[in-house]
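To start, the structure under review is shown below, and the notes come after it.
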Amino acid sequence: MGFYKVGIHRKGEISLDSILEDVRRNPEIGKAGAIACFIGIVRGEGVKGGRVKKLLLEAYEEQAEKSLARIAEELSKVDGIIDVRIHHIVGELEVGEDIVYIVVAGSHRGEVFKVLREAVERMKREAAIWKKEITDLGEYWVSGE
């Protein structure tokens, strides 16, 4: 039994390798010619300047998962797309740690790259997920950029 296609997780609950293994078990994977991944990580430079000490990520989990599921379902219907996965991590993270994994499998790289980018942009706009930067210059909530 595989993973859900989307999810909100705590650090250590999910990995890119486990998502990729699950995507490769998709019965339609024989139609794929490309798998593309986006990994968002904690940046060391604050949006308002300064050095990031840590990032606090919070989500209205039920609503965030509904949004991620809707995005993945809609993008999975694009011609040539076989699978779309979106997994976001919440909690306290250090610089360089993974925040989000988005994986798209499809027939050709062109449609895979296009859907991957759309998944990233829609997740930032539509999911009820917030981040607070804790820097050497202060703490502040950051809107999706």
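The values are calculated or read from the model by the stated rules, or taken from the named source; none is laboratory data. These figures come from a predicted structure and were not determined experimentally. Neighbour counts are summed over all protein chains in view; Cβ atoms, including those assigned to glycine, are modelled from backbone coordinates with ideal geometry. Note: accessible area is taken over every heavy atom of the protein model, side chains too, but ligands, DNA and RNA are not part of it. Shrake-Rupley method; radii C 1.70, N 1.55, O 1.52, S 1.80 Å.
If you go through segment 64-117 and pick out every residue that is out of contact with any Gly (no Cβ under 6 Å at 6 or more places or on another chain), of a type outside the set (A, V, I, L, M, F, W, C) and within 18 Å of Gly7 (Cα to Cα), you end up with 15.
The selection criterion, being surrounded by 15 or more Cβ atoms within 10 Å (Cβ to Cβ) and part of a strand (DSSP E or B), does not hold for Ala69.
Open to solvent by less than 30 Å² (accessible area, probe 1.4 Å) and more than 16 Å from Trp130 (Cβ to Cβ): does that describe Ile81?
Values: open to solvent by less than 30 Å² (accessible area, probe 1.4 Å): yes; more than 16 Å from Trp130 (Cβ to Cβ): yes.
For Ile81, the condition - open to solvent by less than 30 Å² (accessible area, probe 1.4 Å) and more than 16 Å from Trp130 (Cβ to Cβ) - is met.
Can Ile86 be described as open to solvent by 60 Å² or more (accessible area, probe 1.4 Å) and either modelled with pLDDT of 95 or more or within 29 Å of Asp136 (Cα to Cα) (or both)? So Ile86 does not fit the description; no.
Quick check: anything in segment 115-136 within 22 Å of Gly33 (Cβ to Cβ), open to solvent by 70 Å² or more (accessible area, probe 1.4 Å), of a type in the set (D, E, K, R) and part of a helix (DSSP H, G or I)? Full working, then the answer.
First, pick out the residues of segment 115-136 that are within 22 Å of Gly33 (Cβ to Cβ): 115-120.
Pick out the ones that are also open to solvent by 70 Å² or more (accessible area, probe 1.4 Å) and you get 117-118.
Pick out the ones that are also of a type in the set (D, E, K, R) and you get 117-118.
After this cut, where a residue has to be part of a helix (DSSP H, G or I) as well, the list is 117-118.
Yes, some residue in segment 115-136 is within 22 Å of Gly33 (Cβ to Cβ), open to solvent by 70 Å² or more (accessible area, probe 1.4 Å), of a type in the set (D, E, K, R) and part of a helix (DSSP H, G or I).
Scanning segment 1-17 for residues that are of a type in the set (Gly, Ala, Ser) and over 14 Å from the mean Cα position of the chain (by Cα), we see that the one that is least open to solvent (accessible area, probe 1.4 Å) is Gly2. Of the residues making up segment 40-62, those that are in a loop (DSSP other than H, G, I, E, B), open to solvent by 70 Å² or more (accessible area, probe 1.4 Å) and over 22 Å from Arg117 (Cα atoms) are Lys48, Tyr60.
It is to be established whether one or more residues within segment 25-39 are open to solvent by less than 50 Å² (accessible area, probe 1.4 Å), of a type in the set (S, T, N, Q), modelled with pLDDT of 95 or more and not in a loop (DSSP other than H, G, I, E, B). No, segment 25-39 has no match at all.
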